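Engineer: Pasting in a structure now, in structure tokens, and then I'll have a few things to ask.
The values are calculated or read from the model by the stated rules, or taken from the named source; none is laboratory data. Note that this is a predicted model, so its numbers are computed, not measured. Cβ atoms come from the backbone with ideal geometry, glycine included; neighbour counts cover every protein chain shown. When the accessible area is computed, the model is the full protein with side chains, heavy atoms only, and any ligands, DNA or RNA have been set aside. Shrake-Rupley method; radii C 1.70, N 1.55, O 1.52, S 1.80 Å.
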Amino acid sequence: MTIVNFTPVPALIGGALIGLAAAFLLLAKGRIAGISGIAGGVIYPEQRGDIGWRVLFIAGLVLGGFIYQWLGLGAGVEQIQAQVGKPMLILAGLLVGIGTQVGTGCTSGHGICGLARRSPRSLVATLCFMGSAIVTVYIVRHLLGASL
Amino acid sequence: MSAFIRLFPALFAGILFGFGLSVAQMIDPAKVLNFLDLTGTWDPSLALVMAGGLAVNALVTPFILKRDKPLFAEFFRLPGKLQIDARIIVGGIIFGAGWGIAGYCPGPLITSLSFANSDILVTFAAFVVGTFAARWVLAHRG
């Protein structure tokens, strides 16, 4: 194992901002900031009149990315590249969509909000997707030998 | 309550969340995949992103939930289900496989639409299709 590109300060500041955003959504709207759940309620709505705030939250996510770049903090955004080809991206997108809906949450809903509420369900979910992702990277990078 | 008051907090929370993901560089799938690559080129940064988010949220959440109701809504809507079932395990494993292949979980994927290229658009489209299909099946079974 080699440790590479460790950026502890931006990681902690960014993480704290994410935690604040989730806390603010709970304080203001009484909702959990689980991205896959919020997006799922727009892509396949289950309740009438429960879509507007979801659309705005998602628009905010994109806008937050824009503001970061507009402030000139995103020097290097143009260097960010997908790490696999399009067929694998499609497979990945499908699996992320299906898995987060079946498992009722993703990194934000289970990993940050659920764990903060000490939900055993979210703890198991987080261990499952982290473990699965680590095994997948091991298979793709080291067993299949794809140099990503 | 005016539509503005009802909706603005969600927009603000989204902006702060997307900005935080960008600062944390979680919008770079190479960085995410390196975090998951424990036996290769390991980048521990993402652990601190989660630790930071979790610490702030865990600290503040109990005080928020002491309130009778949220500032701009009638009640708190928390996931009531706490028990562990097969869905949570199977779903987690499927999601993790997708996350490990490309390095995109839903938040960073959506935030990355701010500099969308064809790769991000294709991944996002597949995420939408997967989400729709799973929710349709879950809503129509039995």
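Engineer: What number of residues within segment B:101-119 are more than 7 Å from every other protein chain (Cβ to nearest Cβ) and either farther than 20 Å from A:VAL42 by Cα or free of Cβ contacts under 8 Å to residues at least 60 places away in the same chain (or both)?
Structural biologist: Of the residues in that region, 4 qualify.
Engineer: For residues that are over 18 Å from A:CYS113 (Cβ atoms) and assigned to a helix (DSSP H, G or I), tally how many sit in segment B:1-14.
Structural biologist: Residues in segment B:1-14 being over 18 Å from A:CYS113 (Cβ atoms) and assigned to a helix (DSSP H, G or I): 7 in total.
Engineer: Of all residues in segment A:65-86, count the ones that are more than 7 Å from chain B (Cβ to nearest Cβ) and under 13 Å from B:LEU109 (Cβ atoms).
Structural biologist: Of the residues in that region, 0 qualify.
Engineer: If you check B:VAL32, B:VAL56, B:VAL49, which single one turns out to be at pLDDT 95 or above and open to solvent by 10 Å² or more (accessible area, probe 1.4 Å)?
Structural biologist: Going through B:VAL32, B:VAL56, B:VAL49 in turn, the sole match is B:VAL56.
Engineer: Residues that are more than 30 Å from A:VAL77 (Cα to Cα) and open to solvent by 50 Å² or more (accessible area, probe 1.4 Å): list the helices (runs of 4 or more DSSP H) wholly contained in segment B:77-142 that include at least 3 such residues.
Structural biologist: Output list reads B:86-102, B:118-140.
Engineer: What number of residues within segment A:87-133 are in contact (Cβ under 8 Å) with a residue 24 or more places away in the chain, among the hydrophobic types (A, V, I, L, M, F, W, C) and more than 7 Å from every other protein chain (Cβ to nearest Cβ)?
Structural biologist: 0
Engineer: If you don't mind, another one. Restricting the search to segment A:86-118, which residues are open to solvent by 10 Å² or more (accessible area, probe 1.4 Å), assigned to a loop (DSSP other than H, G, I, E, B) and at negative phi?
Structural biologist: Answer for segment A:86-118, where residues must be open to solvent by 10 Å² or more (accessible area, probe 1.4 Å), assigned to a loop (DSSP other than H, G, I, E, B) and at negative phi: just A:ARG117.
Engineer: For A:VAL9, are the conditions met, namely being in a helix (DSSP H, G or I), more than 23 Å from B:ILE64 (Cα to Cα) and in contact with a Lys or Arg (Cβ under 7 Å, 6 or more places away or on another chain)?
Structural biologist: no
Engineer: Would you pick out the residues in segment A:72-85 that are assigned to a helix (DSSP H, G or I) and of a type in the set (A, V, I, L, M, F, W, C)? I'd like the intermediate steps shown before the answer.
Structural biologist: Taking segment A:72-85 as the starting set, the residues that turn out to be assigned to a helix (DSSP H, G or I) are A:77-79.
Across segment A:72-85, the qualifying residue is only A:VAL77.
Engineer: Right, next: So which of A:VAL42, A:VAL62 ends up being at the interface with chain B (Cβ under 7 Å from one of its Cβ atoms) and either under 25 Å from B:SER22 (Cβ atoms) or free of Cβ contacts under 8 Å to residues at least 12 places away in the same chain (or both)? I'd like the intermediate steps shown before the answer.
Structural biologist: Values: A:VAL42 fails: at the interface with chain B (Cβ under 7 Å from one of its Cβ atoms).
Residue meeting the stated conditions: A:VAL62.
Engineer: If you don't mind, another one. Could you give me the residue pairs with C-beta distances under 8 Å whose first residue belongs to segment B:66-92 and is over 18 Å from A:THR104 (Cβ atoms), whose second residue is exposed (fewer than 13 other Cβ atoms within 10 Å of the Cβ) and hydroxyl-bearing (Ser, Thr, Tyr) wherever it lies, and which are 6+ apart or on separate chains?
Structural biologist: Hits for this filter: zero, empty list.
Engineer: Identify all residues within segment B:59-69 that are open to solvent by less than 90 Å² (accessible area, probe 1.4 Å) and either in contact with a helix residue (DSSP H, G or I) (Cβ under 6 Å, 6 or more places away or on another chain) or outside any loop (DSSP other than H, G, I, E, B) (or both); write none if there are none.
Structural biologist: B:VAL60, B:THR61, B:PRO62, B:ILE64, B:LEU65
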